[in-house]
Amino acid sequence: MVETGILVSALAGAGSFFSPCILPIIPAFISYLSGTTLSEVQNQDQKQSGQSWLTVKRSTRINIFLNTVYFVLGFSLVFAVLGVILNSFLANIGVGFQGTLQAIGGIVIVVFGAYLILSTKIRVLNFEKRMTKIPRFKTSYITSFVFGAAFASGWTPCVGPILGSTLTLAATAPGAAYNSLLAYSLGLGAPFLITGAFFSQATGVIRRMMKYLKYFNPVMGGILILLGILVLTNQLSVIGNFPLADQIINLERGT
């Protein structure tokens with residue numbers, strides 16, 4: 001169950017990256033963090049194999065990647081602290097109330113899944129919390145780190161349920177909470193780092209993915225509901241029976 005929960009958390013992190021309220025703004029957001037100007041990033045229609053992308057200077061690419069690294073470190077630190085807090089306060093309590101924690105956690109995750117699905121139909125659920133008061137420092141790396149830390153709590157609705165489900169899942173197994181949230185950080189951070197390292201190509205890929213984002217909330221909502229039911233019925237381990245999941249879990253164990 002613990003290894004399966006960590007795997008699910010990593011996949012949830014990746015799912016957060018590809019959510020419709022995060023993915024479309026990532027190129028502009030990363031460019032803003034790195035202080036990239038229009039003269040450094042030129043929007044040229046260079047066609048190669050029928051594709052177009054941004055052309056970025058080498059020095060600018062390095063600057064974008066380093067700022068992305070600090071951004072990822074910022075939200076990873078916050079999640080690490082949350083993991084330690086959950087581990088410290090719930091580890092002892094969870095021993096006697098494991099069944100209760102799983103039942104409550106399963107119900108909460110199902111509610112998050114239903115919220116995602118309903119948010120596509122009920123407009124009032126699509127409120128948004130933005131980070132508008134984060135100061136800019138002389139060194140862009142510090143700014144990126146602070147933005148990363150704020151990003152961990154500045155979620156828009158389509159990401160909040162995924163993070164909330166991850167936190168709930170971690171709470172059902174508090175002894176592994178730190179590892180679960182670290183896995184979430186890795187799942188979320190890896191695509192950010194890839195985007196920062198290959199900014200030009202990633203920008204083109206993200207543009208092509210935009211037309212599919214309308215399916216994200218219903219699909220992810222359904223997945224969360226299924227996940228919640230598995231947690232509620234203590235059947236989460238069945239995920240590890242899938243061949244690919246089993247191989248990843250064995251890789252984590254070092255076997």
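Just so you know, all these numbers are worked out from the coordinates, no wet-lab data involved. Keep in mind the model is a prediction, meaning the values are calculated, not measured. No Cβ is skipped: glycine too gets one built from the backbone with ideal geometry, and neighbour counts run over all protein chains shown.
For region 222-229, the Karplus equation 6.51 cos²θ - 1.76 cosθ + 1.60, evaluated at θ = phi - 60°, returns couplings of x, 5, 5, 4, 4, 4, x, 5 Hz by residue, with Gly and Pro reported as x. Using the Karplus relation 6.51 cos²θ - 1.76 cosθ + 1.60 with θ = phi - 60°, the per-residue 3J(HN,Hα) values for region 77-86 come to 4, 4, 5, 5, 5, 4, x, 5, 4, 4 Hz, with x marking Gly and Pro. Scanning residues 5 or more positions from residue 173 or on other chains, none has an amide H under 5 Å from its amide H, with H placed 1.01 Å from N in the peptide plane. Between the beta carbons of residue 59 and residue 209, assuming R0 = 35 Å, the FRET efficiency works out to 0.80 to the nearest 0.05. Fully extending the segment from residue 77 to residue 28 would add 15.3 nm, taking 0.36 nm per residue of separation and subtracting the current Cα-Cα distance. Taking a ≥ b ≥ c as the square roots of the Cα gyration tensor eigenvalues, region 164-242 comes out oblate, since a/c reaches at least 1.5 and a/b does not exceed b/c. Here the Karplus relation 6.51 cos²θ - 1.76 cosθ + 1.60, evaluated at θ = phi - 60°, turns the backbone of region 164-177 into coupling constants of x, 5, 5, 5, 5, 4, 5, 5, 6, 9, x, x, 10, 4 Hz, with x for every Gly and Pro.
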